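A short write-up of the structure that comes next.
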Amino acid sequence: MKKSLLLTVVLALGVSIAFSQTPVTINQKSTTKHGPEKGSLIIIGGGGSTPEIWSKFLELAGGKDKANIVVITAATGDSAAFSKTSAEKIKKELGIKNVTVLHTNNLAEANSEKFIAPIKKATGVWFDGGRQWRIADSYLNTLTHQAFFDVLNRGGVIIGSSAGASIQGSFLWRGDTKGPQILVGDHTQGLGFLKNSAIDQHLLKRNRQFDLVDFIKKSPELIGIGLDEATSVVVQRDTLEVIGKSYAVIYDYNTIIGKGDNHVKDEKEDYTASSGPFIFLSQGQKYDLRNRKVLPTVRKKPDTAATSSNK
């Protein structure tokens, strides 16, 4: 069986299994191609966050006076049900009090109105790191899954790090129960906050930068996003912006096969061009997900008045 046909079979099997678990149909109609129509996503590559990422999270969650955060700990395993570590970390970093931890591995509980009550009041949802397949097993196609989308529809923010990053994609990358070394495994459906996508994390730290190339080449409808540690992308509608210490990497079919917009148009070097299989983006750079192109970086002009006064 050819690899492309095998991939199609795996995808179909994964989706059919997921939908057989629960009858809930998730309403995620949108005019955007990849990002959410309303609200924001913050997708972090693991390895901690930066003050800029925390600040953006607080801003998008409504500020100190309005932020109400729900922490989803399923990726960590059942031991997380008794841990307050994530909640205390968020309270400290954001300077807020309204943080609620939700944990279950039971689809019936995830389908209950009682369980989703805190999410109905949330302005933000945080997904902990761990193993992304555990999040899928706990919440895929449930009332809770719909409640996550409702947070976005109210203009809120969904944020996750490591496994909490990958689960935000529509295709669940490294989702095998046997280990993250298996790229396309026994769990292939993510929660789909970032539509038509596959998301990798710990990218440069764990030498993973080439892992998505062949997959995106066989799946041209998807966009691949790889994130190094302590680095995030903020997605609003179909625009992505990088915030963090290192790099985000974009995997686009046209770039991979050498048909991307990578030709130098004048004598100056184009720092957004690529003749390789991916594009690196750093702090402050933006990318148009719909049209698959790097957006020009607006560079601030120096404050001439301040410069003159310092002479």
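The values are calculated or read from the model by the stated rules, or taken from the named source; none is laboratory data. Values in this document were obtained by computation on a predicted structure and should not be read as measured data. Virtual Cβ from ideal backbone geometry, glycine too; neighbours counted across all protein chains shown.
So which of 178, 120, 114, 205 ends up being in contact (Cβ under 8 Å) with a residue 60 or more places away in the chain and surrounded by fewer than 21 Cβ atoms within 10 Å (Cβ to Cβ)? Full working, then the answer.
Working: 178 fails: in contact (Cβ under 8 Å) with a residue 60 or more places away in the chain; 120 fails: in contact (Cβ under 8 Å) with a residue 60 or more places away in the chain; 114 fails: in contact (Cβ under 8 Å) with a residue 60 or more places away in the chain.
Selected residue: 205, the only one of 178, 120, 114, 205 that is in contact (Cβ under 8 Å) with a residue 60 or more places away in the chain and surrounded by fewer than 21 Cβ atoms within 10 Å (Cβ to Cβ).
Answer with yes or no whether residue 213 is surrounded by fewer than 21 Cβ atoms within 10 Å (Cβ to Cβ) and either at pLDDT below 95 or not basic (Lys, Arg) (or both). First the steps, then the outcome.
On the way: surrounded by fewer than 21 Cβ atoms within 10 Å (Cβ to Cβ): yes; either at pLDDT below 95 or not basic (Lys, Arg) (or both): yes.
Criteria met by residue 213.
Within region 216-239, the residues that satisfy the criterion of being buried (at least 18 other Cβ atoms within 10 Å of the Cβ) and among the acidic types (Asp, Glu) are 228, 229, 238. Considering (1) modelled with pLDDT under 95; (2) of a type in the set (Ser, Thr, Tyr); (3) exposed (fewer than 15 other Cβ atoms within 10 Å of the Cβ), the lone condition that residue 22 does not fulfil carries the number (3). Can you say whether residue 150 is charged (D, E, K, R) and touching an Asp or Glu at 6+ places or on another chain (Cβ under 6 Å), as far as the supplied structure shows? Here the answer is no, as residue 150 does not meet what is asked.
Restricting region 25-69 to residues that are β-branched (Val, Ile, Thr) and without any contact (Cβ under 8 Å) to a residue 60 or more places away in the chain, the residue that is surrounded by the fewest Cβ atoms within 10 Å (Cβ to Cβ) is 31.
Screening region 28-38 for residues that are in contact with a Phe, Trp or Tyr (Cβ under 9 Å, 6 or more places away or on another chain) and at pLDDT 75 or above and picking the one that is nearest to residue 157 (Cα to Cα) gives 36. A single entry from 160, 190, 155 fulfils the requirement of being at positive phi and either without any contact (Cβ under 8 Å) to a residue 24 or more places away in the chain or out of contact with any His (no Cβ under 8 Å at 6 or more places or on another chain) (or both): 155. Taken over region 70-106, the residue count meeting the criterion of being crowded, with 19+ Cβ neighbours inside 10 Å and touching a Phe, Trp or Tyr at 6+ places or on another chain (Cβ under 8 Å) is 10. Quick one: in region 145-161, of everything that is farther than 17 Å from residue 190 by Cα and not in a helix (DSSP H, G or I), which residue is farthest from the chain's Cα centre (by Cα)? So, considering only residues that are farther than 17 Å from residue 190 by Cα and not in a helix (DSSP H, G or I), the one farthest from the chain's Cα centre (by Cα) is 154. From the list 94, 102, the lone residue that is modelled with pLDDT of 95 or more, touching a helix residue (DSSP H, G or I) at 6+ places or on another chain (Cβ under 7 Å), of a type in the set (A, V, I, L, M) and within 28 Å of residue 246 (Cα to Cα) is 94. Please verify whether region 166-180 includes one or more residues that are under 13 Å from residue 44 (Cβ atoms) and touching an Asp or Glu at 6+ places or on another chain (Cβ under 9 Å). Yes: region 166-180 contains one or more residues that are under 13 Å from residue 44 (Cβ atoms) and touching an Asp or Glu at 6+ places or on another chain (Cβ under 9 Å).
Taking the options 204, 240, name whichever one is outside any strand (DSSP E or B) and either at positive phi or not basic (Lys, Arg) (or both). Full working, then the answer.
Values: 240 fails: outside any strand (DSSP E or B).
Just a single option satisfies the conditions, and that option is 204.
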